[in-house]
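The structure appears below as structure tokens.
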Amino acid sequence: MACLLAALLTACESRHEQLQKQIEERHAALKHHQDSSLLAAQLNVEKLDTQLQQARWEYARLKRNTDAAYAQGTATASQLRQATLARLRRDSLQAAFDAECAKIRYIKKRQEEENKQ
């Protein structure tokens with residue numbers, strides 16, 4: 001009977017060690033995934049920021065020209081369409097930029113929570 005109990009305790013301890021090792025491996029994998037996701041999001045933010053600045057400049061230029069032509073009564077449908085499409089592109093890039101920034105904030109928050117534990 002004592003032999004059986006000793007074997008059971010040894011098996012439980014062995015299983016516990018295996019589970020602890022798996023937990024540590026998962027924590028390491030999570031950290032790696034968070035770090036790589038954070039880096040990718042930061043690179044995306046840099047790229048989107050450049051595109052967004054360009055889109056803002058382009059929209060401002062088209063809007064200024066379209067408004068001037070509209071005030072004179074010479075605005076064409078093509079000019080209005082170009083200004084509208086430029087605004088849509090700017091707004092789309094702004095939404096993507098905001099989403100990537102939120103992703104970065106979320107990942108950093110989760111990393112801080114993991115570090116506290």
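The values are calculated or read from the model by the stated rules, or taken from the named source; none is laboratory data. This is a predicted model, so every value here is computed, not measured. Here the Cβ positions follow ideal geometry from the backbone for every residue, glycine too, while neighbour counts run over all protein chains shown. Side chains included, ligands, DNA and RNA excluded: accessible areas come from the protein's heavy atoms. Shrake-Rupley method; radii C 1.70, N 1.55, O 1.52, S 1.80 Å.
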Out of A96, Q42, C3 - ranked by how far each Cα lies towards the positive end of the dipole of the chain, with unit charges on the beta-carbon of charged residues - the top one is A96
In this structure, the FRET efficiency calculated for R56 and Q117 from their beta-carbon separation, with R0 = 30 Å, to the nearest 0.05, is 0.10
With Cα coordinates, the longest principal axis of the chain makes an angle with the long axis of helix 77-116, in degrees rounded to 10, of 20 degrees
Fraction of alpha-carbon pairs in the stretch 27-117 farther than 19 Å apart, rounded to whole percent, equals 55 percent
Taking a probe of 1.4 Å and leaving out DNA, RNA and ligands, the chain shows per residue an accessible area in Å² of 78 Å²
1/(1 + (r/R0)^6) with r = Cβ-Cβ of D49 and T76, R0 = 25 Å, i.e. FRET efficiency to nearest 0.05, evaluates to 0.20
If amide H atoms are modeled at 1.01 Å from N in the peptide plane, then the residues at a separation of 5 or more from A75, or on another chain, having amide H under 5 Å from its own are Y70
For the chain, the percent of accessible surface on carbon and sulfur atoms (probe 1.4 angstrom, ligands and nucleic acids excluded) is 57 percent
In degrees rounded to 10, the 0-90 angle between helix 2-72 Cα long axis and the longest Cα principal axis of the chain is 0 degrees
Packing-ranked peptide list from 21-30, 84-93, highest mean Cβ count within 10 angstrom first, is 84-93, 21-30
Quick shape check on the stretch 11-55: root eigenvalues a ≥ b ≥ c of the Cα gyration tensor, a/c under 1.5 is rounded, otherwise prolate if a/b tops b/c, else oblate, and it reads prolate
